[in-house]
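Peer 1: Below are the structure tokens for one structure; questions will follow.
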Amino acid sequence: MSATGLRHARYVAPIVALAMLVAACASPPPSASPTPVPTPVVTPDPHLAAPATARDVFIGLGRAGLRMTPNTAAAGIGDAAVVTRINATYLDWPLDVFQFRTAGHLAEAIAGWDTSEGPGSGDPAISLVGLNILVTWGPRTTGEKPEPPDERQAKALRELVAALEPLLSPLRARTVVAVELAVAPTSAPSSAATPAAAPETTPAP
């Protein structure tokens, strides 16, 4: 190569290198990877579908933390409208969960409720109704009106209502003491734990 060519190459090489550097700087930066959108966590709806089962209600009460002792379960119990009855003990009072065939059958069974007064002789102190389920709590004493719950049981009643409403709302109530419900009014006169397992259902004698 001639001397002139060498001088030309010495001038051109830096210019080419500078042009390549400028082009590299002018190139847009690589696009960042899109941030993945977290999958929303779906909270299951605890509300039961009609017709609900007594077993599902009993298990739901246990999951809510109610300290219950299951005793017996029977199918039929001589009433064609009642499918299953679960008997348990809750704070020294009997607690029964009745599963009626339909909400209509249950509505017929409680059609005689006097909405202006509380329970009478032979009735449990607490009766709560939702969907096709009737939950009663308290002893049945013939000849006497049921006694109101004591202070400890009154607190347990609030916990019972709070556990039933997500499962069976709207609730109706017939009680010896006023209870606060989310929707339906009570018909009473003015004035943390290990879930229990539901007993297996067996045919009634």
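Every number here is computed from the coordinates shown, using simple stated rules; none is lab data. If you're wondering where the values come from, they're calculated on a predicted model, not measured in any experiment. Cβ atoms come from the backbone with ideal geometry, glycine included; neighbour counts cover every protein chain shown.
Peer 1: Report the full-extension gain for the segment R158 to D114: residue separation times 0.36 nm, less the Cα-Cα distance, to one decimal in nm.
Peer 2: Result: 13.6 nm gained on full extension.
Peer 1: By how many nm would the segment from T72 to E180 grow when fully extended, if each residue of separation counts as 0.36 nm and the alpha-carbon distance is taken off?
Peer 2: Extending this stretch completely gives an extra 35.9 nm.
Peer 1: Within the set of other residues whose C-beta is less than 15 Å from the C-beta of S121, count the net charge using Lys and Arg as +1 and Asp and Glu as -1.
Peer 2: Every neighbour counted, the sum reads -2.
Peer 1: Turning to a different aspect of this structure: By the scheme Lys and Arg +1, Asp and Glu -1, what is the net charge of all other residues having a beta-carbon under 9 Å from that of A81? Kindly include the intermediate steps, with their values, before the conclusion.
Peer 2: On the way: positive: R101; negative: D79, E108.
Spelling it out: positives minus negatives among the neighbours equals -1.
Peer 1: For T141, enumerate residues with amide H under 5 Å from its amide H, sequence gap 5+ or separate chain, H modeled in the peptide plane.
Peer 2: G122, D123
Peer 1: Could you calculate the contour length gain from H105 to N87, that is, 0.36 nm times the residue separation minus the distance between their Cα atoms, to one decimal place in nm?
Peer 2: Extra length from H105 to N87 when fully extended: 4.5 nm.
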